[in-house]
Amino acid sequence: MPGRDTGTPDVRIGRGRGRDLRGRPFPGAALEATGGQREILRELRAWAEREAEDAIEWYLNDKRLKRRGSRVISALTILLAVAGTLIPLASVVSGGPPQGWGYVLLALAAGCKGFDHFFGLSSGWMRDITAAHALRAELNDFRMAWAAEQLRAAEPASGTLDPAALERRLALLTSLVEAVRRQVESETAEWLSEFRATAQQLQDHAGPPPGERV
């Protein structure tokens, strides 16, 4: 969010999607206002879980958009390819002159396939659903581990945990935040690698600029 310190870096900017995936502001003021360890842990847990849930929601929303686009492009590719094949055959069967529209439709079908490949619609929604499932698994593992820790540790009436219990819960929080960061960075790296490879392919097919040709 512009103008506010989120406490975590923006790892995704300008992906051409509805909105960027940005971290929530770290609840520093809320932590300072709380009066005990359990309240601070509660605030930290809520913040870490919302970070994970925001990322999961973002990937699921993006998956729906890309899946819809991929299916539309795939349907157009099939229809254009079939029509481009049938038109010349129909001309031959009817004894008429060859129809050039078949080549046009086949070229359009190839263009649709290239559009899908360049913008990563099919591969993108598969990456999205993989990332969302991985994040959901990390969040569920964290919640189970947190519940097990609560059942294992006796809660003192004073609200102050012993150092070992506090360290374990902080380690769980840190592991969740790090898992979300690693997953988002990994998916972003895959997207950048695919985008650069596609851009390089287009450049190779286009050839060198006119001024560089001998």
Taking K and R as +1 and D and E as -1, what net charge do the other residues with C-beta under 13 Å from the C-beta of Ser193 add up to?
-2
Residues Glu178 and Glu39, FRET efficiency given R0 of 25 Å [Cβ-Cβ distance, rounded to 0.05]
0.60
The Cα extents of the stretch 119-199 along the principal axes, largest first and rounded to whole Å, are 61, 17, 13
Kindly sort Phe115, Phe142 by accessible area of their heavy atoms, largest first, with the probe set to 1.4 Å.
Phe115, Phe142
For Leu139, net neighbour charge (Lys/Arg +1, Asp/Glu -1) across residues whose Cβ lies under 9 Å away
-2
Would you mind putting 167-177, 54-64 in packing order, based on average other-beta-carbon counts within 10 Å, highest first?
54-64, 167-177
Hey, what D do you get for the stretch 37-131 in µm²/s if you plug the Kirkwood alpha-carbon radius into Stokes-Einstein at 4 °C and 1.567 mPa s?
78
So what is the accessible area of the stretch 27-148 per residue, in Å², with the probe set to 1.4 Å?
57
Between Ala164 and Leu65, what FRET efficiency comes out of the Förster formula 1/(1 + (r/R0)^6) with R0 = 35 Å and r the beta carbon distance, rounded to 0.05?
0.15
Gain in span if fully extended, Phe115 to Glu149, counting 0.36 nm per residue against the direct Cα distance:
7.2 nm
For the stretch 54-207, what does the equivalent ellipsoid look like in terms of its semi-axes, each the square root of 5 times an eigenvalue of the Cα gyration tensor, given largest first in whole Å?
56, 17, 8
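At R0 = 30 Å, how high is the FRET efficiency between Ala75 and Gln201 if r is their beta carbon distance? Nearest 0.05 is fine.
It comes to 0.75.
The values are calculated or read from the model by the stated rules, or taken from the named source; none is laboratory data. Predicted model only: the values in this text are computed from it and were never measured. Cβ coordinates were reconstructed from backbone atoms using ideal geometry, including for glycine residues, and neighbour counts include every protein chain displayed. For accessibility, only protein heavy atoms count, side chains too; no ligands or nucleic acids. Shrake-Rupley method; radii C 1.70, N 1.55, O 1.52, S 1.80 Å.
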